[in-house]
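In what follows, a single structure is set out as structure tokens and then discussed.
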Amino acid sequence: MELEKFFQLLIGGVVVGSIYAMIALGYTMVYGILGIINFAHAEVMMIGAMVAMTVSSILIAAGLPLLVVLLLAALVAMMACMILSYCMERFAYRPLRNAPKLTPLITAIGLSFLIQAVAQLIWGKSPRPFPELLPSTRVILFGDVGITVREIVIVGLSIVMMMGLLTLVERTKLGRAMRATSENVGVTGLMGVNPNRVISATFMIGAALAAVAGIMYAMNSGGKAHFYMGFMPGMKAFVAAVLGGIGNIPGAVVGGIVLGLAEAFGAGYISSEYQDVFAFVVLVVVLIFRPSGLLGQRTADRA
Amino acid sequence: MTQPMLSIKGLKVAYGGIQAVRNVDMDVYEGELVTLIGSNGAGKTTTLKATTGMVPMKGGEISYRGKSIKGVPSWELLAQGLVMVPEGRGVFARMTITENLQMGAYLRNDKEGIEADIEKMFGIFPRLKERATQLAGTMSGGEQQMLAMARALMSKPKLLIMDEPTMGLSPAMTKTIFEVIRTVSSEGMTLLLVEQNAKLALQAADRGYVMSSGETIMNGKASDMLDDEEVQKAYLGE
Amino acid sequence: ACNKPADAPKADAKPADGAAGGEIVVKIGSGAPKSGGIAHLGQDNEMGAQLAVNEINAKGDLMIGGKKVKLELMGEDDAGDPKQGATVAQKMVDAKVVAVVGHLNSGVSMPANAIYGAAGIVQVSPSSTNPDYTLKGVKTPGGSVSSYRVVANDIQQGSAIGKYVMEKGGKNIAILDDATQYGKGLADYVEKTLKDGGSKVTSREALTDKTTDFKGVLAKLKAENPDYIFWGGMDDTGAALSKQMKELGLKAKLVSGDGACTAKFIELAGDSAEGVICTQAGAPVSKMAKGAEFQANYEKTFPGKKVEIYSPFAYDAVYAIVAAMKAADSVEPEKIAKAMAGVSFDGLIGKVAFDEKGDIKGGVITVQEIKNKKLEVVATVM
Amino acid sequence: MTQENIMLSIKGVNKSFGGLKALQNVSLEVKKDTIYGLIGPNGAGKTTFFNVITGLYEPDSGEFVLNGAHYEPTAVHEVAKSGIARTFQNIRLFGNMTALENVMVGRHVRTKGGVLGSIFGSKAVKKEEADIKARAMELLNYVGIGQYHDYVARNLAYGLQRRLEIARALATDPKLLALDEPAAGMNSTEKLDLTKLLRKISDDGTTILIIEHDVKLIMELCDEMTVLNYGEILVQGKPDHVRHDEGFISAYLGGH
Amino acid sequence: MSFLQKLSPKDSMLGILICAVLLMLMPFAVQFLGNTAWVRIIDYTLLYIMLALGLNLVVGFAGLLDLGYIAFYAVGAYMVALLASPHLSDNFASIKAAFPDGWHVPLWVTIPLGAALAAVAGLILGAPILKLRGDYLALVTLGFGEIIRIFMNNLGKDGFNLTNGPRGIARIDPVSIFGHQLSKPLDLGFVTLSKEFQYYYLFLALVVLSVFVCYRLQNSRLGRAWMALREDDIAAKAMGINVRNIKLLAFALGATFGGVAGGMFASFQGFISPESFTYMESIIILAMVVLGGMGHIPGVILGAVLMSLFPEFLRYVVDPVQKAVFGSVVIDTAILRQLILGSAMVLIMLYRPKGLWPTPTREDKKVVEADPSATA
Ligand SMILES: Nc1ncnc2c1ncn2[C@@H]1O[C@H](COP(=O)(O)OP(=O)(O)OP(=O)(O)O)[C@@H](O)[C@H]1O
Ligand SMILES: Nc1ncnc2c1ncn2[C@@H]1O[C@H](COP(=O)(O)OP(=O)(O)OP(=O)(O)O)[C@@H](O)[C@H]1O
Ligand SMILES: CC(C)C[C@H](N)C(=O)O
Ligand SMILES: [Mg+2]
Ligand SMILES: [Mg+2]
């Protein structure tokens, strides 16, 4: 019994953590390159879920097989999010490149008000059911410990995304350009790189991930989408990103999972009431001992 | 002579209220090594930044190989072979030496060529080879300067602009840099060099310009300027 | 400078608003969250009230003090936040509303009541079920009760739930709530009833009104395997809970209160909703004599919208206010407040009359079970 | 020599970064009221040495004595308090503060106005403020950039910023002034002016430890010097002694 | 404010006098133009000004991003609620025994106590996280804010009911000065002041005090140290500034403002519950500081005024305007308000990246051309 409980919690934690991770990746990438916390990222994810919801309900009505629906919906959602994110960067953030650090932060908050309002206009104020595009049938692992197909996919996806991003950033030319831009936009320009392109690309990649995260989150959180749905996971993902070392890609994933586990075990063994407290306590403790996150390596500050 | 490769006419640049550059006229011809000297705050760096599209110009004209490059962003200039080594090095601190060099070759697609050139740079600056995988940010000031120089060369520039490339370099290293400058120049690369070490600069250069408080106040053959007591008094400390 | 608490429109006041000579316009306030997480419920309440107002105006036979009265609903957004609640309360007082329908959340109704009470204005909430709302209500300067509600309170609801569960043989019950004023309040009374009734509360847990992942706490409950799980919270969270119970293979039956006893719950919970038990503080619209008619009317007036929970109650709240108005034959808030105690009529939700605290008399609690995607009444507790 | 006339005495400093030994058993003694030079090829460890003695980098080992008193270079601000002020190779001014404000900050460690005093504007605090301002202005003029007192630091040209950094350091009333390449980015004429300035500072009773690559400048300025190479001491002594040292010539000047 | 400083002492005295008179008459004007609701809104605005000024100490002066500032507001509010309401005695026999009709501690005790308590909270938060930089710090403060709220929400169990949980604490005493309760109308003979008016003057006094304190701090040795820390902490250390201490000092001082404001909020509203202290509130206050002009006191005040008045203003105009324009409500009011607020924030930042009223810097002044090389 106890053992089963432990593993069930473990699974639950990893799954939720993986979703946090997917969102956190977006935060981390944008932070990494511009050093700004794009709070509106949570809304991008929300839009992803909403669009996917609309599309899939249409396609289901049209009688397509669920898997196809899922893929198409995801595709459209990613497109939508990328466009949205591109516009945000182009028109709201780019003009603020040389503005004080906190300026974009407030812009981001303004943007999320805005996007939420628009979402309410389009999709209304009340939560809408999100179609079950992935079977929630329970696969028994052993004893009474089980995991749903959907959950397996979620965990898988987050790993794939991380790997993908890592290769992109560490191995490719674009990735190198991203890292260069993140250090010094001006000098990167001198290298023949158009920093604006690189930054837009970063935002759009983050957005695509957010779209997927949104869909997974909507399905995993009791199959619903709501204009308000971005807030909580957005905040948690932000925590995750920092916990792992903001700007650090594997860090985002590790952070997300650690956070998910802290919540699950906190709720399972101590008290659900203080679930979020554990999350933050873990964070504080980690940061006290590793001031730049679990994996965030601080580069020596030369004097 | 033919038309200049780079030609600056009546350049004006201001930062907010501050008129950093009032009136700069300068021509750099194909294959030349031109040096620009002047005291602190004269406006040299600003002039170069305006040339490479890093600060907006308030007035005047800048043309590169006949075409106006007013408002052309730096990344498009590099594509046309106009490259700058910025003041204060501007190496990518969180990237390794090798990666920094690769950034220099961003627009090139000849893998082997790039590899070869990296080796070439390691040849010129052995210290970089020793530290190939160290993060640039943790290198000494001088080491960073070498890297910045090498990185710029990686893009095979037609016109290389250098802003105080020997700042903070040991005499030995300064020699090295100037040797490099001489070689690339002799290989036919056009160079515009801002240098505080006016003596060395003028000795290496074909022609020189002098800037004071935002204006080019004189120019001429480098050798002549070396003997000009105005210059000697003001910039050679003799 | 300062507006004396009790200055309200005399019957002849503000002819400006009056369209025709003899007609006077009377403002009734409505406070509910139209933004934020439960905006949909707030909207529902306001629409319920709006329907009543439209109806009465359409009839156009409301005569007070010999003058024809045209009602006007002043709908304000309290965002479910006490502070904004107080602000809009003051705004409505200033706008000289004669009475208020609202607010939705007890947490907002209570601080707002301090302002209405002081201004001698009566407040009728269609959905605030926390006992303290009437218990700790403020008296008007004229000494009348200012806090009324047309729904049963959480004590009634809580004990009804507790009793029903025990009747059905519930021995081990786990209680979860969303740590909101409402959810926790209701859960507390359920817990009390169960304990008094000798049932075992295996664990008492609290999440939040934004929780979407219950797996952690559910894994814990699973180990205790209770035969019932009570959810003190809203429909959207409740639905997630219901689904995840199923995914984790919990056998326990889910029970919840009015917050989750909605069409929305069924819509969101899908198959997992089957067999879920929930109560409603009052009769469900489906069981109301004129319920069907109301629903039809509602969907006609507000295309694309469905009755959520409390619009029928908001609807009757307006009628209660009007009844008081008639009884007092005045549109003076104090007089209305005074007359409210005596109000009694057969409304949409059933008989509407109040006890001395301001609670509805004989407020029924309806226990319902979800059978093939429909709420079916399985018991009605007095 | 007796302890009295030693300002700074460092014994056996070691510092390594991962595998790299940036400093190996470096020792030196700076006499009071003298100018001491620290030179060496790029990457020799000069700045690292500065960072160590000022508490910015934690040394692996070493003994530190300032003005006869033993000190542990652990907290940077403590070191500053005990009397070592420094400038940075890559200038670190308070970019958005005016030149004057920058220097006023330098007075912080020598003044004590607290919360209450500041809020209630007590006589003492008012006076202290006045003094700080006066002293700061005085220092700006002293280094010759008085007319830029209301310029925002980041808008000053490189060379002017260097002078400002010196003024700011002097504001802490240091016993020892440590300068990391103050002449970098100056032309010969400006270097001459700088030399004059440093002489003046030294004559006015502040001991100076200076890193500089301009051999001409350092040789005529310094009373004694140490040459570092790959983190180790190459030669040590009077300029004339160093000047003729083979190792120095080959490693630093790069042959003849 | 700042412009007053530039004037000669005599004029500035005059200016201050004018401002004072205007501020004294403000509520009457508001009452006349609008109504009591607006006076009430202005009361809240004054509280927000205090909060913004307090946060500005931390974010604007010392450059430490604090996303959990509301926690200090909560601490102050709850302390007053506990000390000046029957709650404790209703729930704790021991206290009941000692104070049969509940605890009712006067303003003179609660304000300083609230301030002190908040300051301590500030230190407790600050101490462990001093090493943290920029956004790491920001996040921890965010966490701290949430943790406080969660505890307020959960410490309401029967048995040990400290905060009454989500139900919140009601029947908090109004501020009473010399026996007069500000909740009761005050008749001055020529005019009767309603509750809202009396609180207006109380809050106004506190705000004026806060502004004064902020100015004094800003132009002090400490103010400079904070600025230096904000610009370059390593250089600041090298100047002998004990970065640890002045960071803590900033947190503590900032917190006191929050604590006092919180106490006022509690007694003004008479009811508090955890909902009033969410993370969103912290964000809004931060927005006030940044939109107004970080580090610039008049700017911060402007920011607070706008951010708290604008949404309420919309509440009043949006509907009428829609009705006037389209003849009916086309877009749901609540949504439209959110839409406008969001756009406003974005646009302000776009067109005034440093805030609406930032610190005037060197670049803005016309430069008398000084030849830089003149030093040589
Ligand atoms: N970002 C800036 N904002 C405002 N003013 C600036 C800025 N950068 C430089 N200036 C001003 O412009 C003038 C010229 O500066 P610039 O750096 O071009 O001089 P320089 O000749 O390069 O000096 P140095 O030899 O020290 O590098 C200086 O007076 C400086 O104060
Ligand atoms: N934080 C660090 N991490 C890793 N290596 C470092 C670090 N700081 C310095 N180093 C290395 O230590 C060596 C000494 O560096 P340092 O800056 O002291 O040289 P320097 O003598 O000041 O050279 P320069 O005259 O060019 O400034 C260099 O090889 C540098 O790469
Ligand atoms: C909408 C309802 C769940 C509100 C709840 N009955 C309350 O008293 O707050
Ligand atoms: Mg320059
Ligand atoms: Mg160095």
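The values are calculated or read from the model by the stated rules, or taken from the named source; none is laboratory data. Since the model is a prediction, treat every value here as computed from it, not as a measurement. So basically every Cβ, Gly included, is an ideal-geometry build from the backbone, and we count neighbours across all protein chains shown.
Of the conditions (1) within 20 Å of E:M294 (Cα to Cα); (2) at the interface with another protein chain (Cβ under 10 Å from one of its Cβ atoms); (3) surrounded by fewer than 18 Cβ atoms within 10 Å (Cβ to Cβ), E:I234 fails just one. Which one is it?
E:I234 satisfies every listed condition except (1).
Which of the residues spanning segment C:233-271 are on the phi < 0 side of the Ramachandran plot, assigned to a helix (DSSP H, G or I) and of a type in the set (G, A, S)?
Scanning segment C:233-271 gives C:G238, C:A239, C:A240, C:S242, C:G259, C:A260, C:A263, C:A269.
Hey, any hits in segment A:113-125 for a residue that's more than 14 Å from chain E (Cβ to nearest Cβ), surrounded by fewer than 21 Cβ atoms within 10 Å (Cβ to Cβ), in contact with a Ser or Thr (Cβ under 8 Å, 6 or more places away or on another chain) and not charged (D, E, K, R)?
Initially, segment A:113-125 is screened for residues more than 14 Å from chain E (Cβ to nearest Cβ), giving none.
The answer is no; no qualifying residue exists.
Taking strands (runs of 3 or more DSSP E) that do not extend beyond segment D:24-135, which have at least 2 residues that are away from ligand 3 (no atom under 16 Å from the Cβ) and under 19 Å from D:R162 (Cα atoms)? Step through it out loud before you land on a result.
Working: elements: D:35-39, D:61-66, D:84-86.
The strands (runs of 3 or more DSSP E) meeting that bar are D:35-39, D:84-86.
Using the structure shown, decide if C:D316 is more than 16 Å from ligand 4 (Cβ to nearest atom), buried (at least 22 other Cβ atoms within 10 Å of the Cβ) and of a type in the set (D, E, K, R).
Numbers: more than 16 Å from ligand 4 (Cβ to nearest atom): yes; buried (at least 22 other Cβ atoms within 10 Å of the Cβ): yes; of a type in the set (D, E, K, R): yes.
Judged against the criteria, C:D316 is a match.
Could you tell me whether B:T133 is surrounded by fewer than 19 Cβ atoms within 10 Å (Cβ to Cβ) and within 27 Å of D:Y230 (Cα to Cα)? Write out each step before concluding.
Values: surrounded by fewer than 19 Cβ atoms within 10 Å (Cβ to Cβ): yes; within 27 Å of D:Y230 (Cα to Cα): yes.
Spelling it out, B:T133 is indeed surrounded by fewer than 19 Cβ atoms within 10 Å (Cβ to Cβ) and within 27 Å of D:Y230 (Cα to Cα).
Can you go through C:Y133, C:Y116 and tell me which one is away from ligand 2 (no atom under 16 Å from the Cβ), of a type in the set (F, W, Y) and under 16 Å from C:S30 (Cα atoms)?
Details: C:Y133 fails: under 16 Å from C:S30 (Cα atoms).
Sole residue among the options that is away from ligand 2 (no atom under 16 Å from the Cβ), of a type in the set (F, W, Y) and under 16 Å from C:S30 (Cα atoms): C:Y116.
Can you say whether B:A116 is of a type in the set (G, A, S), more than 16 Å from ligand 4 (Cβ to nearest atom), farther than 29 Å from B:L36 by Cα and in contact with a helix residue (DSSP H, G or I) (Cβ under 8 Å, 6 or more places away or on another chain), as far as the supplied structure shows?
Working: of a type in the set (G, A, S): yes; more than 16 Å from ligand 4 (Cβ to nearest atom): yes; farther than 29 Å from B:L36 by Cα: yes; in contact with a helix residue (DSSP H, G or I) (Cβ under 8 Å, 6 or more places away or on another chain): no.
Answer is no for this residue.
Among the candidates C:D77, C:D154, single out the residue that is crowded, with 24+ Cβ neighbours inside 10 Å, acidic (D, E) and within 23 Å of C:D177 (Cα to Cα). Break it down stepwise before answering.
Working: C:D77 fails: within 23 Å of C:D177 (Cα to Cα).
Within the list C:D77, C:D154, the selection yields C:D154.
Can you name the condition, by its number, that A:C87 falls short on among (1) part of a helix (DSSP H, G or I); (2) more than 14 Å from chain E (Cβ to nearest Cβ); (3) surrounded by fewer than 24 Cβ atoms within 10 Å (Cβ to Cβ)?
Exception for A:C87: condition (2).
Working only within segment E:178-208, note down all residues that are surrounded by 13 or more Cβ atoms within 10 Å (Cβ to Cβ) and more than 21 Å from E:V39 (Cβ to Cβ).
Of everything in segment E:178-208, nothing turns out to be surrounded by 13 or more Cβ atoms within 10 Å (Cβ to Cβ) and more than 21 Å from E:V39 (Cβ to Cβ).
Any idea how many residues of segment A:178-224 are at the interface with chain C (Cβ under 10 Å from one of its Cβ atoms) and not in a helix (DSSP H, G or I)?
4
A:E151 is checked against (1) within 11 Å of another protein chain (Cβ to nearest Cβ); (2) in contact with a strand residue (DSSP E or B) (Cβ under 7 Å, 6 or more places away or on another chain) and fails just one. What number does that condition carry?
Single failed check for A:E151: (2).
Looking only at segment D:37-61, which residues are away from ligand 5 (no atom under 16 Å from the Cβ) and either under 19 Å from D:L177 (Cα atoms) or crowded, with 20+ Cβ neighbours inside 10 Å (or both)? So that I can check it myself, show each step before the final result.
Our first condition is that a residue be away from ligand 5 (no atom under 16 Å from the Cβ); within segment D:37-61, this holds for D:55, D:58-61.
Within segment D:37-61, D:G55, D:P59 qualify.
Given the structure, is D:I84 more than 18 Å from the chain's Cα centre (by Cα) and facing chain E (nearest Cβ under 10 Å)? Walk me through it before giving the result.
On the way: more than 18 Å from the chain's Cα centre (by Cα): no; facing chain E (nearest Cβ under 10 Å): yes.
No, not satisfied.
I want to confirm something. Restricting to segment C:136-151 and keeping residues that are in contact with a strand residue (DSSP E or B) (Cβ under 9 Å, 6 or more places away or on another chain), touching a residue at least 40 places away in the same chain (Cβ under 8 Å) and within 13 Å of another protein chain (Cβ to nearest Cβ), which single residue is surrounded by the fewest Cβ atoms within 10 Å (Cβ to Cβ)?
Going through segment C:136-151, the residues in contact with a strand residue (DSSP E or B) (Cβ under 9 Å, 6 or more places away or on another chain) turn out to be C:136-140, C:144-151.
Those left that are additionally touching a residue at least 40 places away in the same chain (Cβ under 8 Å): C:137, C:140, C:144-151.
Within this subset, residues satisfying the condition of being within 13 Å of another protein chain (Cβ to nearest Cβ) are C:137, C:147.
Numbers: C:G137: 22, C:S147: 27.
Per the stated criteria, the residue is C:G137.
Name the residues in segment D:39-75 that are over 17 Å from the mean Cα position of the chain (by Cα) and either away from every other protein chain (no Cβ under 14 Å) or within 16 Å of ligand 1 (Cβ to nearest atom) (or both), would you?
Those that are over 17 Å from the mean Cα position of the chain (by Cα) and either away from every other protein chain (no Cβ under 14 Å) or within 16 Å of ligand 1 (Cβ to nearest atom) (or both): D:P59, D:D60, D:S61, D:G62, D:E63, D:G68, D:A69, D:H70, D:E72.
This table checks each residue for (1) at pLDDT 90 or above; (2) within 25 Å of the chain's Cα centre (by Cα); (3) in a helix (DSSP H, G or I); (4) basic (K, R).
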{"position": "E:R149", "(1), (2), (3), (4)": "yes, yes, yes, yes"}
{"position": "E:M152", "(1), (2), (3), (4)": "yes, yes, yes, no"}
{"position": "E:G159", "(1), (2), (3), (4)": "no, no, no, no"}
{"position": "E:G189", "(1), (2), (3), (4)": "no, no, no, no"}
{"position": "E:Y201", "(1), (2), (3), (4)": "yes, yes, yes, no"}
{"position": "E:V207", "(1), (2), (3), (4)": "yes, yes, yes, no"}
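Out of the strands (runs of 3 or more DSSP E) lying entirely within segment B:1-117, which hold 3 or more residues that are modelled with pLDDT under 90 and either more than 16 Å from ligand 2 (Cβ to nearest atom) or in contact with a strand residue (DSSP E or B) (Cβ under 9 Å, 6 or more places away or on another chain) (or both)? Break it down stepwise before answering.
Details: elements: B:6-15, B:18-28, B:33-38, B:59-64, B:82-85.
Where strands (runs of 3 or more DSSP E) fall fully within segment B:1-117 and carry at least 3 residues being modelled with pLDDT under 90 and either more than 16 Å from ligand 2 (Cβ to nearest atom) or in contact with a strand residue (DSSP E or B) (Cβ under 9 Å, 6 or more places away or on another chain) (or both), they are B:18-28.
Somewhere in segment B:196-204, is a residue in a strand (DSSP E or B), more than 16 Å from ligand 5 (Cβ to nearest atom) and either of a type outside the set (F, W, Y) or free of Cβ contacts under 8 Å to residues at least 60 places away in the same chain (or both)? Give the derivation first.
Here is the first cut: in segment B:196-204, the residues in a strand (DSSP E or B) are none.
Within segment B:196-204 (the criterion being in a strand (DSSP E or B), more than 16 Å from ligand 5 (Cβ to nearest atom) and either of a type outside the set (F, W, Y) or free of Cβ contacts under 8 Å to residues at least 60 places away in the same chain (or both)), the answer is no, since none of the residues qualifies.
Taking the stated definitions as given, is D:L228 at the interface with chain B (Cβ under 9 Å from one of its Cβ atoms) and touching a Gly at 6+ places or on another chain (Cβ under 9 Å)?
No.
Please go through segment D:99-114 and pick out each residue that is under 18 Å from D:I166 (Cβ atoms) and more than 7 Å from chain E (Cβ to nearest Cβ). Can you show your working first?
The initial filter retains those residues of segment D:99-114 that are under 18 Å from D:I166 (Cβ atoms), namely D:99-110.
Those that are under 18 Å from D:I166 (Cβ atoms) and more than 7 Å from chain E (Cβ to nearest Cβ): D:A99, D:L100, D:N102, D:V103, D:R107, D:R110.
Given the criteria within 22 Å of E:P274 (Cβ to Cβ), of a type outside the set (F, W, Y) and within 14 Å of chain A (Cβ to nearest Cβ), does E:R133 qualify? Steps first, answer last, please.
Values: within 22 Å of E:P274 (Cβ to Cβ): no; of a type outside the set (F, W, Y): yes; within 14 Å of chain A (Cβ to nearest Cβ): yes.
In short, no.
Would it be correct to say that A:Y20 is touching a Lys or Arg at 6+ places or on another chain (Cβ under 6 Å) and more than 9 Å from every other protein chain (Cβ to nearest Cβ)? Please lay out each step first, then the result.
Details: touching a Lys or Arg at 6+ places or on another chain (Cβ under 6 Å): yes; more than 9 Å from every other protein chain (Cβ to nearest Cβ): yes.
Yes.
Condition check ((1) under 18 Å from the mean Cα position of the chain (by Cα); (2) more than 7 Å from every other protein chain (Cβ to nearest Cβ); (3) within 20 Å of A:G32 (Cα to Cα)) across all residues:
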site	(1), (2), (3)
A:F227	yes, yes, no
A:V239	yes, no, yes
A:V242	yes, no, yes
A:L259	yes, yes, no
A:A264	no, no, no
A:S272	no, no, no
A:A279	yes, yes, no
A:V282	no, yes, no
